[in-house]
Amino acid sequence: MAPQTKLTHLGHQTEVSGGTPVNPPVVRASTLAFDTVAELNNRVAAKTQKNYAGYGIYGTQPQFSLDEVLCDLENGERCLTVPSGLAACAAPLLAFVNSGDHILVADSCYGPTRSFCDGFLARFGVETTYYDPLIGGGISALFRENTKLVFMESPGSWTFEVQDVPAIVAACQEKGIRTAIDNTWATPLFCKPLDMGVDLSIHAGTKYIAGHSDLLIGHVIARDEESYWAVRRQSELLGYNTAPDEAYLTLRGLRTMEVRLKRHESNGIELANWLKERPEVARILHPALPDDPGHELWKRDFTGASGLFGVELKPVSEEAVAAMLDSLKLYYMGFSWGGYESLIIPTYPERVRTAVPWKSDGPTIRIHAGLENVEDLKADLVQGFAEMKKISG
Ligand SMILES: *Cc1c(COP(=O)(O)O)cnc(C)c1O
């Protein structure tokens, strides 16, 4: 072989003798080579098999391993990993609706999910009605002849309402309407929507699953093959592909998710309870607190809480809130959450709600309790409140 040919052909699959690595390999592939014409021609037929590697776009080893763990954790039939949480939210919306259909989406959903409905689906003649996240079984009053999907998110982004998922699912099943839920807050450990009859459970793996604020990834876990294929077909048509390195890092994050979540949970609850007693605070939005309106449903349907919650402050100017947030040393300001670090941002639920106006007298903020020492986190907020007082008087 000439050097040019060696460069092309040597070292593809080196035999290794010895132990087996604990972790799956990161397989980078666009092209997968087949040995025979028959195998090549059979690749389409074989595509329905789990972990089928026919072309890079269907995923490779670390993604298959990740799918397997997530699917098992949430008692699903199949899991599809996609490039971002938003891609995961969009996939079921595309899978179950056609032009002329109607969908129902929780008024408390993640903002970009809303943008997808209003900015994308609307262009193709799909009508979205936003519904009160607390509607429960009353959702059936909003059903139309052409309602195809009910999209839930519980607890809601920014406002943390807990939805009565079993009641909504029962109403939908009676009419053959599909259901999907954004389960990112709870992770596959703290809530099992498929066990409550939901067809598709969605995760921004970007958050707790990957857990280190260094990548974007999404997952759709399906209750049955049919729902899985409805999503998978759309994902293929759109050319969704997840980089193997991202899948590997997410699998690596997943290994420690349970121990991380325990700290996020306890830090979050501790901070929420502490903030509740502060004179600057009007209300805490955290379903694990016993006096939260969603607490009973949360206790029934969840086995834990993550570290993300909301705080409604007593009326104070935006400048005073900014002075507090700007002064914080341990809380970064930024979008996303679910990493090891604490975060804080101002939120504006009153600007986005359309089904039911969001009522609060003061501004709201969202806190992500990271893995730091909780007393340090409190001390930082104490000095932040002092900065706020300098402005508000
Ligand atoms: C962040 C987030 C998403 C989107 O995830 P990305 O990976 O950032 O696209 C979806 N749903 C919820 C509830 C989120 O918080």
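What order, most packed first, do the peptides 381-387, 261-267 have when packing is the mean number of other Cβ atoms within 10 Å of each residue?
261-267, 381-387
Could you sort 210-223, 332-345 so that the peptide with the highest average Cβ count within 10 Å comes first and the rest follow in order? Don't skip to the end; give the middle numbers.
Numbers: 210-223: 23.1, 332-345: 18.6.
Taking the mean over residues of other Cβ atoms within 10 Å, the ranking is 210-223, 332-345.
Answer rounded, prolate or oblate for the range 134-268, using the Cα gyration tensor with square roots of eigenvalues a ≥ b ≥ c: rounded when a/c is under 1.5, else prolate when a/b is larger than b/c, else oblate.
Here the range 134-268 falls in the oblate category.
Using only alpha carbon positions, build the gyration tensor of the range 1-71, then give the equivalent ellipsoid semi-axes as the square roots of 5 times its eigenvalues, largest first, whole angstrom.
That gives 25, 20, 11 Å for the three semi-axes.
Any chance you could list P(r) for the range 267-316, counting all Cα-Cα pairs in 5 angstrom bins from zero, rounded to whole %?
5, 23, 31, 23, 12, 5, 2, 0
What base-10 log of the normalised intensity I(q)/I(0) is obtained for the range 241-393 from the Debye formula, alpha carbons as equal point scatterers, at q = 0.13, 0.20 Å⁻¹?
Values, matching the q order: -0.65, -1.31.
What is the percent of Cα-Cα separations in the range 87-146 that go past 13 Å?
Values: 1076 of 1770 pairs.
Value for the range 87-146 (Cα pairs over 13 Å): 61 percent.
Tell me whether the range 342-393 comes out rounded, prolate or oblate; compute the Cα gyration tensor, take square roots of the eigenvalues as a ≥ b ≥ c, and use a/c under 1.5 as the rounded threshold.
It comes out oblate by the Cα gyration axes.
Using a 7 Å offset from the Cα along the Cα-to-Cβ direction at both GLN173 and VAL16, what is the distance between the two label points in nm, to one decimal?
4.6
With the cut-off at 1.5 for a/c, could you classify the range 224-314 from its C-alpha gyration tensor as rounded, prolate or oblate?
prolate
Which of the GluC sites (Glu not before Pro) across the range 106-202 are loop residues per DSSP, with 13 or fewer other Cβ within 10 Å? Could you put the intermediate results ahead of the total?
Values: sites: GLU127, GLU145, GLU153, GLU161, GLU174; in loops: GLU145, GLU161.
Here the GluC sites (Glu not before Pro) that fit, given the DSSP loop and packing criteria, are GLU145.
Tell me, rounded to the nearest percent, the portion of alpha carbon pairs in the range 1-140 spaced more than 24 Å apart. Kindly include the intermediate steps, with their values, before the conclusion.
Numbers: 5501 of 9730 pairs.
In whole percent, the long-distance tail amounts to 57.
Output needed: Cys residues of the chain lacking any neighbouring Cys C-beta below 4.7 Å, sorted by number.
CYS89, CYS109, CYS117, CYS172, CYS191
Count the net charge of all other residues whose Cβ sits under 15 Å from the Cβ of TYR228, scoring Lys and Arg as +1 and Asp and Glu as -1. If you can, show how the numbers build up before the last one.
Details: positive: LYS47, LYS50, ARG78, ARG178, ARG223, ARG232, ARG233; negative: ASP67, GLU68, ASP72, GLU74, GLU77, ASP199, ASP224, GLU225, GLU226, GLU236.
Once all neighbours under 15 Å are counted, the net charge is -3.
Where does the Debye-calculated log10 I(q)/I(0) of the range 109-179 sit at q = 0.15 Å⁻¹, using only Cα point scatterers of equal weight, no solvent?
Normalising to I(0) and taking log10 leaves -0.50.
Please compute the net charge surrounding TYR331, taking Lys and Arg as +1 and Asp and Glu as -1 over other residues with Cβ under 10 Å from its Cβ. Could the numbers behind the result be given before it?
Working: positive: LYS329; negative: GLU341, GLU372, ASP380.
Once all neighbours under 10 Å are counted, the net charge is -2.
Restricting to lysines 8 or more places apart or on different chains, can you count the pairs in the range 234-393 with Cα atoms under 14 Å from each other? Can you show the working numbers first?
Numbers: LYS276/LYS314; LYS276/LYS378; LYS314/LYS359; LYS314/LYS389; LYS329/LYS378.
Pairs that pass both the separation and distance tests number 5.
Rounded to a whole number of µm²/s, how large is the Stokes-Einstein D of the range 243-283 at 37 °C and 0.692 mPa s, given Rh as the Kirkwood radius over C-alpha pairs? Show your work: numbers first, answer last.
Working: Rh = 12.5 Å.
Rounded to a whole number, D works out at 263 µm²/s.
Report the FRET efficiency, 1/(1 + (r/R0)^6), for ASP72 and THR48, where r is their Cβ-Cβ distance and R0 is 22 Å, rounded to 0.05.
Values: r = 20 Å, r/R0 = 0.89.
According to the calculation, E is roughly 0.65.
Based on the mean of other Cβ atoms within 10 Å per residue, sort peptides 367-380, 297-310, 350-363 so the most packed one is first. Write down the numbers at each step before the final one.
On the way: 367-380: 18.0, 297-310: 20.7, 350-363: 14.1.
Highest to lowest by the protection proxy: 297-310, 367-380, 350-363.
Have a look at the range 24-104 and give its Rg and Dmax from the Cα atoms, expressed in angstrom.
Considering the range 24-104 through its Cα atoms, Rg and Dmax are 15.6, 49 Å.
Using only alpha carbon pairs under 8 Å that are at least six residues apart, calculate the relative contact order of the chain and give it in whole percent.
Dividing the mean separation by the residue count of the chain yields 17 percent.
For the range 299-393, what does the relative contact order come out to in percent, with C-alpha contacts under 8 Å and a separation of six or more?
Once divided by the residue count of the range 299-393, the mean separation gives 41 percent.
Please report the net charge: other residues with Cβ closer than 9 Å to the Cβ of THR128, K and R +1, D and E -1.
-1
Return the loop-located chymotrypsin sites (Phe, Trp or Tyr not before Pro) in the range 89-165 (DSSP other than H, G, I, E, B) with at most 14 other Cβ atoms within 10 Å of their own Cβ; answer none if there are none.
PHE120
How much of the pair distance distribution for the chain lies past 32 Å, counting alpha-carbon pairs only, in percent?
Tail of P(r) above 32 Å: 39 percent of Cα pairs.
What fraction of the DSSP beta bridges in the chain is antiparallel, stated in percent and rounded to the nearest 5?
Once the DSSP bridges in the chain are tallied, antiparallel ones form about 60 percent.
Rule-based calculations on the coordinates, nothing more; no lab input. Bear in mind the structure is a predicted one, so any value in this text is a computation, not a measurement. Counting neighbours? That spans all protein chains shown, and the Cβs are built from the backbone with ideal geometry, glycine included.
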